[in-house]
Amino acid sequence: MLIRFNVKNFLSFDEREGGMSEEFSMIAGKVRNKKSHIYDNGKIKLLKFAAIYGANASGKSNLIKALKFMREVVVRGLPQGHTDMYCKLDETNKTKESYFELEIMLNDKYYSYGFEVILNQSKFISEWLVELIGDDKEKVLFSRDITSGKFEFGGDLQENGLIDKLRVYAEDIQEDDSILLLSTMNKNKKTLYQQYSNAKILQDIYEWIYQGLDINYPNQPISDYSYMEKTENVGEVCRIISAFGTGITGFKIVDVSLEKVLGSIPRSLREKIISDIESKTAEIRNNKKIKEYAMVMRSNKYFFILNIDSDGNTQCRTIQFSHGKENVLFNISEESDGTIRILDLLEVLLAGDKKTYVIDELDRCLHPSLTYKFVETFLQLAANRDIQLIVTTHESRLLDFDLLRRDEVWFVNKRKSGESDIYSLEEYNERFDKKIDKAYLEGRYGGVPVFSTVFPIDERM
């Protein structure tokens, strides 16, 4: 689970006084109500939900971009266009390091992983992984001063035999300021993790960043729809969609020829699907334990479920929905944007534990009441799951103490100089009977647009 995220010198985020980074935290505040909204293991209390508010261009999406950037760097390396991603509001930032740090809870332990990078020069400055023990104590697992080439390993990574191997890997990239050690340790190192269990923390941290942190934008499906690979799950999905007031009353799974599917999709996607089918067919034939493989394809226009059996036969199906009349069926391309948006969001409700979802513009294409209902439903389900949902939104109806805790509400506000600040409603210590939606729209907490006259009226006329 996510504990904190810190960022400095990235897009609209500069630094706070004293050179401090901007901080977003999922640590629960002093609020005593709605205890089901938090994870509490007796050592730490973490929020399961957070809503981030702010005016257009305030920096809400930049916070999500910062999280995604960090994930992208760890998994794939510095992305295209990164050299211009420093905070340009101060010209000296061009040569200053940008700072990214995640604090996470993993297997009931607490870790801090981060790095510094001069974006304009594509050069990493430092990298670290620390176990947080409590009482402001910490245990360094590894640290790199990339500029000087110095590195150290500590804690469980000092195991005999293991540390010698780690030093070899570190020395291989000692003079390479374009790559991270965590990334290096998760490329073709399967044997190492099988041989040394203490090294697995490097794999676990990487996997959490790669798989456990699920970052989503308005125009992309949240998942691969793997929960719909089994026919028996489709009915539950359709029931949920219907419960959200979409007007859907039923569904039907219809067989479609593979040739028709491949002929209706873009060439690049078609080639990828053919390649995936071929590789999965080979995998099934070479591994008798695998009886079949299911694959889901989803876009705004298409929804197909492909099943490949042990003989290499491929069955293709799609889902069609009914709205009152059972014999009148509609493809997903004929459904409303709101229905498709709910379909995209369903994984958050159906997912198990150990995942942190981050969704930019949760309320896109959704009626205000539907957005409220979705968050309400998530919080009800999350009471029995170790799961987190972080969203950006403009929907003021969520600003309701009957729904949310004070510490679940965050704001991003832009200073007059253009930099973005992040802060929590918890700082305002508002009463629980306060109409915070009204106070927010009136500008009490910042994070709202400030208008000037668009078309001045000549009063002399």
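Determine which member of the set 195, 220 is modelled with pLDDT under 80, surrounded by fewer than 17 Cβ atoms within 10 Å (Cβ to Cβ) and among the polar types (S, T, N, Q).
Only one candidate qualifies: 220.
Mind telling me which of the residues 187, 230 ends up being surrounded by fewer than 16 Cβ atoms within 10 Å (Cβ to Cβ), at pLDDT 80 or above and either basic (Lys, Arg) or within 23 Å of the chain's Cα centre (by Cα) (or both)?
So the residue among 187, 230 that is surrounded by fewer than 16 Cβ atoms within 10 Å (Cβ to Cβ), at pLDDT 80 or above and either basic (Lys, Arg) or within 23 Å of the chain's Cα centre (by Cα) (or both) is 187.
Determine which member of the set 375, 412, 391 is part of a helix (DSSP H, G or I), of a type outside the set (D, E, K, R) and under 27 Å from residue 105 (Cβ atoms).
None of the others qualify; the one that does is 375.
Filter the stretch 175-207 down to residues that are in contact with a Lys or Arg (Cβ under 9 Å, 6 or more places away or on another chain) and aliphatic (A, V, I, L, M) and give me whichever is farthest from residue 141 (Cα to Cα).
Filtering first and then ranking leaves 192.
Anything in the stretch 256-280 that is surrounded by 10 or more Cβ atoms within 10 Å (Cβ to Cβ), under 33 Å from the mean Cα position of the chain (by Cα) and among the basic types (Lys, Arg)? List them, or say none.
Matches in the stretch 256-280: 270, 272, 280.
Quick check: anything in the stretch 149-162 exposed (fewer than 15 other Cβ atoms within 10 Å of the Cβ), touching a strand residue (DSSP E or B) at 6+ places or on another chain (Cβ under 9 Å), under 22 Å from residue 80 (Cβ atoms) and not small (Gly, Ala, Ser)?
Within the stretch 149-162, none of the residues are exposed (fewer than 15 other Cβ atoms within 10 Å of the Cβ), touching a strand residue (DSSP E or B) at 6+ places or on another chain (Cβ under 9 Å), under 22 Å from residue 80 (Cβ atoms) and not small (Gly, Ala, Ser).
Can you run down the residue pairs with Cβ atoms below 9 Å, 6 or more apart or on separate chains, where the first is in the stretch 165-179 and in the same structural domain as residue 77 (by TED's automatic domain parsing) and in contact (Cβ under 8 Å) with a residue 40 or more places away in the chain and the partner is surrounded by 12 or more Cβ atoms within 10 Å (Cβ to Cβ) and part of a helix (DSSP H, G or I)?
177/121
Quick check on my filter: what residues within the stretch 5-22 are more than 15 Å from residue 414 (Cβ to Cβ) and surrounded by fewer than 16 Cβ atoms within 10 Å (Cβ to Cβ)?
17, 18, 19, 20 - these are the residues of the stretch 5-22 that are more than 15 Å from residue 414 (Cβ to Cβ) and surrounded by fewer than 16 Cβ atoms within 10 Å (Cβ to Cβ).
Having 3 or more residues that are surrounded by 15 or more Cβ atoms within 10 Å (Cβ to Cβ), at negative phi and of a type outside the set (A, V, I, L, M) is the bar; report the strands (runs of 3 or more DSSP E) wholly within the stretch 281-372 that clear it.
The strands (runs of 3 or more DSSP E) meeting that bar are 303-309, 314-322, 355-359.
The values are calculated or read from the model by the stated rules, or taken from the named source; none is laboratory data. No experiment lies behind these values; they were computed from the predicted model shown. As a convention, Cβ positions derive from the backbone with ideal geometry for all residues, glycine included, and neighbour counts pool all protein chains shown.
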